[in-house]
């Protein structure tokens, strides 16, 4: 998805319809947490707004966790009360602005970093100010603080249309780099721009990732194309409530559809998996 599409979607009222299925509990997608004057796409949440969003989750009895933990809990049917928290691109402001807030509530998160841009700046958001990215040492510090580190590719390149060799570099090579940086297994991948097709999914699986995150509800579903909900600076409590309700409605419709297909009465066997 192009950055301009993100800009259009983030601050419009949440859509009231949609029937694409999901297979994970509610998962929120963040990028940068920072003070800003220019954010044309927009990908930045101010620190004050982020703190209020985490407070809102906490007051509703929800605990934010990284995707690997969320998927393990969902597989064991222990995901009630959990919400996935993800941060794309690996901005340096995560360490200063987001991490202390997460730790204050006992939350964790997944941070998807661009393996060949550690310590560099963003180059993939045309027309936007360049932003500092986490260094290798900072990525290791984020992992040591209990956050999950995942891959966002080698160079934040859209995967569809790449050659087989380039796909392997973006997926397998980036995983190798980040495992060396953190000293831990890298289980998750996040598709740059949210762009994914079946060939990309196959490459991510072949690279050894346990799961991968997409954006929104794409035509592809499953563990290697997991949907997420975008969160922006315009999302206060009422908007988060609507987005959560919309997510729950997707789950109910999916469970009802499965029941009809299998000949099971509605409401039976409707737990998220």
Notebook entry, point to check: So how many residues does the stretch 221-246 have that are in contact with a helix residue (DSSP H, G or I) (Cβ under 7 Å, 6 or more places away or on another chain), farther than 18 Å from residue 45 by Cα and surrounded by fewer than 16 Cβ atoms within 10 Å (Cβ to Cβ)?
Noted result: 0
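Having 3 or more residues that are in contact with a helix residue (DSSP H, G or I) (Cβ under 7 Å, 6 or more places away or on another chain), modelled with pLDDT of 95 or more and surrounded by 17 or more Cβ atoms within 10 Å (Cβ to Cβ) is the bar; report the strands (runs of 3 or more DSSP E) wholly within the stretch 31-132 that clear it.
Numbers: elements: 63-65, 82-89, 110-113.
Here the list reads 82-89, 110-113.
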Checklist line | Among (1) in a helix (DSSP H, G or I); (2) within 13 Å of residue 91 (Cα to Cα); (3) without any contact (Cβ under 8 Å) to a residue 40 or more places away in the chain, the one test that residue 139 misses | finding: (3)
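Would you say residue 233 is over 17 Å from residue 68 (Cβ atoms) and modelled with pLDDT of 90 or more?
Numbers: over 17 Å from residue 68 (Cβ atoms): yes; modelled with pLDDT of 90 or more: yes.
When the stated conditions are applied, residue 233 passes them.
For the stretch 152-168, does any single residue satisfy the condition of being closer than 23 Å to residue 44 by Cα, touching a strand residue (DSSP E or B) at 6+ places or on another chain (Cβ under 6 Å) and part of a strand (DSSP E or B)? So that I can check it myself, show each step before the final result.
The initial filter retains those residues of the stretch 152-168 that are closer than 23 Å to residue 44 by Cα, namely 152-158.
In the following step, the residues that additionally are touching a strand residue (DSSP E or B) at 6+ places or on another chain (Cβ under 6 Å) were identified as 152.
Subsequent filtering for residues that are part of a strand (DSSP E or B) retains none.
So far as the stretch 152-168 goes, no, none of its residues is closer than 23 Å to residue 44 by Cα, touching a strand residue (DSSP E or B) at 6+ places or on another chain (Cβ under 6 Å) and part of a strand (DSSP E or B).
Residue check: is residue 223 in contact with a strand residue (DSSP E or B) (Cβ under 6 Å, 6 or more places away or on another chain), modelled with pLDDT under 95 and not in a helix (DSSP H, G or I)?
Working: in contact with a strand residue (DSSP E or B) (Cβ under 6 Å, 6 or more places away or on another chain): yes; modelled with pLDDT under 95: yes; not in a helix (DSSP H, G or I): yes.
Criteria met by residue 223.
Report whether or not residue 180 is part of a helix (DSSP H, G or I), at pLDDT 95 or above, surrounded by 15 or more Cβ atoms within 10 Å (Cβ to Cβ) and over 17 Å from the mean Cα position of the chain (by Cα). Write out each step before concluding.
Values: part of a helix (DSSP H, G or I): yes; at pLDDT 95 or above: yes; surrounded by 15 or more Cβ atoms within 10 Å (Cβ to Cβ): no; over 17 Å from the mean Cα position of the chain (by Cα): yes.
Criteria not met by residue 180.
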Next item on the list: For residue 244, indicate whether it is without any contact (Cβ under 8 Å) to a residue 12 or more places away in the chain and either closer than 18 Å to residue 155 by Cα or under 18 Å from the mean Cα position of the chain (by Cα) (or both).
Entry: no
Next item on the list: Can you give me the number of residues within the stretch 190-208 that are surrounded by fewer than 22 Cβ atoms within 10 Å (Cβ to Cβ) and part of a loop (DSSP other than H, G, I, E, B)?
Entry: 4
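The values are calculated or read from the model by the stated rules, or taken from the named source; none is laboratory data. Predicted model only: the values in this text are computed from it and were never measured. Methodologically, a virtual Cβ is constructed for each residue, glycine included, from the backbone with ideal geometry; neighbour enumeration extends over all protein chains shown.
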